[in-house]
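Q: Can you read through this structure? Questions will come right after.
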């Protein structure tokens with residue numbers, strides 16, 4: 001137990017008695033909202049056949065990571081309020097899984113961006129169902145394996161250890177000097193690499209959709225035999241194509257929200273003199289776990305309908321209910 005409370009006593013920054021209840025209260029609210037929202041997302045995927053597609057496998061993977069994160073937040077609330085009440089092993093595992101789940105969320109969003117690019121550009125048309133299932137399974141597995149490997153670095157190379165951080169009153173990793181290197185590694189592996197993938201994929205998606213729209217608008221018109229009304233020689237994108245564009249736009253909202261939540265923390269980790277801001281940046285980072293379900297419930301064309309039925313206990317009205 002003592003090892004978990006052996007933060008660097010020379011640290012000049014500590015949360016004061018005013019900051020502790022503010023940060024603890026915010027984290028408590030985020031935890032409740034995140035838990036409820038992600039349970040709704042996972043339940044919606046489970047109960048509606050319409051939601052059971054490849055993109056939503058990644059969405060559920062993201063929700064599972066966010067759900068685990070929400071379960072760890074109350075541990076950090078206790079760490080802020082009264083750390084001596086926490087068993088040492090619980091704080092260690094909370095720190096470990098926090099790193100893993102945040103990383104899983106980042107890499108899942110990168111995978112969603114890459115998959116939406118494949119869907120929009122129709123590169124996956126030649127895939128068989130078996131090949132698609134194998135590829136998706138491997139990719140989903142990697143979204144957990146890579147963050148797990150990053151989280152294991154302190155254990156393997158002695159870059160500090162997970163547990164109670166007396167400097168920030170949280171269950172992350174101890175405030176030893178060598179953890180500065182781990183903070184740099186964490187920030188580098190969780191931010192620039194996925195950011196490059198996400199930015200590149202959505203930029204390509206934007207240009208593809210823009211070119212399609214431009215091509216449709218430039219097509220010559222011919223009279224319709226049935227109505228005599230002038231229409232494009234080739235019909236406009238079908239409803240399915242429009243739906244794919246809507247879903248892609250929704251996923252882009254999720255990515256933007258997550259990056260807005262993660263950027264302050266990633267920058268603060270590698271910025272000297274940011275000690276006073278890091279606890280608040282951590283709150284913003286945790287907020288991402290509750291923002292995603294909110295976007296699905298309000299913006300997603302399919303999730304929103306199913307989630308409303310579940311929230312109002314109208315299970316018999318769920319579209320394409322697996323129980324019927």
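Q: Using the scaling law 2.2 N^0.38 Å as the reference, what is the normalised Cα Rg of the chain? Kindly include the intermediate steps, with their values, before the conclusion.
A: Details: Rg = 22.9 Å, N = 324, 2.2 N^0.38 = 19.8 Å.
This ratio for the chain stands at 1.16.
Q: What ranking do 181, 286 get, fewest neighbouring Cβ atoms within 10 angstrom at the top? Walk me through the intermediate numbers first.
A: Working: 181 14, 286 24.
By the 10 Å Cβ count, ascending: 181, 286.
Q: Same structure, new question: In degrees between 0 and 90, to the nearest 10, how far off the longest principal axis of the chain does helix 129-157 point, with axes built from Cα atoms?
A: Helix 129-157 sits roughly 20 degrees off the main axis of the chain.
Q: Calculate, for residue 274 and residue 118, the FRET efficiency according to 1/(1 + (r/R0)^6) with r their C-beta to C-beta distance and R0 25 Å; round to the nearest 0.05.
A: On the way: r = 38 Å, r/R0 = 1.52.
According to the calculation, E is roughly 0.05.
Q: Could I ask something else about it? Can you give the angle from 0 to 90° between the axis of helix 239-269 and the longest principal axis of the chain, with both taken from C-alpha atoms, to the nearest 10?
A: So the helix axis and the longest Cα principal axis differ by about 20 degrees.
Q: Follow-up question, since we're still on this one. Residue 84 to residue 152: FRET efficiency via 1/(1 + (r/R0)^6), r the Cβ-Cβ distance, R0 35 Å, to the nearest 0.05? The partial results should precede the final answer.
A: Numbers: r = 28 Å, r/R0 = 0.80.
Efficiency at R0 = 35 Å is approximately 0.80.
Q: Enter the angle in degrees (range 0 to 90, nearest 10) between the Cα long axis of helix 278-299 and the first principal axis of the Cα atoms of the chain, meaning the one along which they spread out most.
A: 30 degrees
Q: Another question, if that's okay. Report, as a whole number in µm² per second, the diffusion coefficient that Stokes-Einstein gives for the range 253-324 at 25 °C and 0.890 mPa s using the Kirkwood radius over alpha carbon pairs. Can you show the working numbers first?
A: Numbers: Rh = 14.4 Å.
The Stokes-Einstein estimate is 171 µm²/s.
Q: Taking only Cα atoms of the range 104-193, what ratio of Rg to Rh do you get with Rh as the Kirkwood inverse-distance radius?
A: Numbers: Rg = 17.7 Å, Rh = 15.4 Å.
Radius of gyration over Kirkwood radius for the range 104-193 works out to 1.15.
Q: Here is a further query. Using 7 Å Cα-to-Cβ label points, what is the residue 260/residue 134 separation (nm, one decimal)?
A: Placing both labels 7 Å along Cα→Cβ, they lie 4.2 nm apart.
Q: Let me ask something additional. Let me have the 222 nm mean residue ellipticity of the chain computed from DSSP H runs of 4+ only, each contributing -39500 (n - 2.57), with the sum over all residues rounded to the nearest 500. Before the final figure, lay out each step's value.
A: Working: 9 runs with 221 residues, N = 324.
So the calculated ellipticity at 222 nm is -24000 deg cm²/dmol.
Q: Given the peptides 42-50, 101-109, 67-75, arrange them by the average over their residues of other C-beta atoms within 10 Å, most packed first.
A: Values: 42-50: 18.2, 101-109: 26.2, 67-75: 20.4.
Packing order, densest peptide first, comes out as 101-109, 67-75, 42-50.
Q: Right, something else. Most exposed first by the Cβ proxy, i.e. fewest other Cβ within 10 Å, how do 57, 135 rank?
A: 135, 57
Q: Neighbour counts of other C-beta atoms within 10 Å: give me 274, 63 arranged from fewest to most. Intermediate results must be reported in sequence, preceding the final value.
A: Working: 274 15, 63 27.
Least crowded to most crowded, the residues run 274, 63.
Every number in this text was worked out from the coordinates using simple rules, so none of it is lab data. Please read all numbers here as calculations on a predicted model, not as lab measurements. Neighbour counts are summed over all protein chains in view; Cβ atoms, including those assigned to glycine, are modelled from backbone coordinates with ideal geometry.
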